[in-house]
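Engineer: The structure under discussion is supplied below as structure tokens; questions concerning it will follow.
Each value in this text was obtained by applying a stated rule to the coordinates, not by laboratory testing. On a predicted model such as this, the values are computed, not experimentally measured, just so you know. All Cβ positions, even for glycine, are placed from backbone atoms using ideal geometry, and neighbour counts span all protein chains on display.
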Ligand code: INI
């Protein structure tokens, strides 16, 4: 069996990051983890372009505009949706996850999903660089890996497009 190479090298890649301002403390932590990971892997700060949106529900529209621009190797969606006492949570979660999936499907641009869907603020903070990991950094890693994989899969049939042994 042969596999296409996995790369987490972000040198020379350009990323669009869409961040929901809602639950801003969590959003800033996710962004911090995301940007730190991208830069640690070789991305230039100038190649990380941020689009702030009011809430997670608005993420897909901004992501679609960025994807359609053709300027980015991958996008990253960040935010936190926190369950309240009404079904609102379910509509926001469905809107953002379906919307991001549709952007990927319609444009072919990878979009890493770093939107937390949690029961309370404590669960959100745990996942934004706390005891349960750093979903911002995880999304960054996914974006790099998918950008690199798409490059290899898109390459003309030549040595570099061949799966390695
Ligand atoms: N947006 C979020 O990003 N997180 C939330 O927890 C949230 N809650 O709880 O309501 C939220 N709502 C705003 C929503 O995303 C839209 O901005 C709003 O409905 C206007 O379209």
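Engineer: Show me the strands (runs of 3 or more DSSP E) entirely contained within segment 55-135 in which 1 or more residues are surrounded by fewer than 23 Cβ atoms within 10 Å (Cβ to Cβ) and either away from the ligand (no atom under 11 Å from the Cβ) or under 17 Å from the mean Cα position of the chain (by Cα) (or both). Walk me through how you get there before you give the answer.
Structural biologist: Details: elements: 74-82, 111-118, 128-130.
The strands (runs of 3 or more DSSP E) meeting that bar are 111-118, 128-130.
Engineer: Follow-up. In segment 145-164, is there at least one residue being within 14 Å of the ligand (Cβ to nearest atom), surrounded by fewer than 23 Cβ atoms within 10 Å (Cβ to Cβ) and not in a helix (DSSP H, G or I)?
Structural biologist: Step one: of segment 145-164, the residues within 14 Å of the ligand (Cβ to nearest atom) are none.
Within segment 145-164 (the criterion being within 14 Å of the ligand (Cβ to nearest atom), surrounded by fewer than 23 Cβ atoms within 10 Å (Cβ to Cβ) and not in a helix (DSSP H, G or I)), the answer is no, since none of the residues qualifies.
Engineer: Looking only at segment 1-39, count every residue that is assigned to a strand (DSSP E or B) and surrounded by 21 or more Cβ atoms within 10 Å (Cβ to Cβ) and tell me the total. Show your work before the answer.
Structural biologist: Residues of segment 1-39 assigned to a strand (DSSP E or B): 3, 15-20.
Next cut, surrounded by 21 or more Cβ atoms within 10 Å (Cβ to Cβ) only: 15-20.
Adding up the residues that qualify gives 6.
Engineer: Can you name every residue in segment 31-54 that is more than 20 Å from residue 145 (Cβ to Cβ) and either without any contact (Cβ under 8 Å) to a residue 12 or more places away in the chain or within 11 Å of the ligand (Cβ to nearest atom) (or both)?
Structural biologist: Narrowing segment 31-54 to residues more than 20 Å from residue 145 (Cβ to Cβ): 32, 45-46, 50-54.
45, 46, 53, 54 - these are the residues of segment 31-54 that are more than 20 Å from residue 145 (Cβ to Cβ) and either without any contact (Cβ under 8 Å) to a residue 12 or more places away in the chain or within 11 Å of the ligand (Cβ to nearest atom) (or both).
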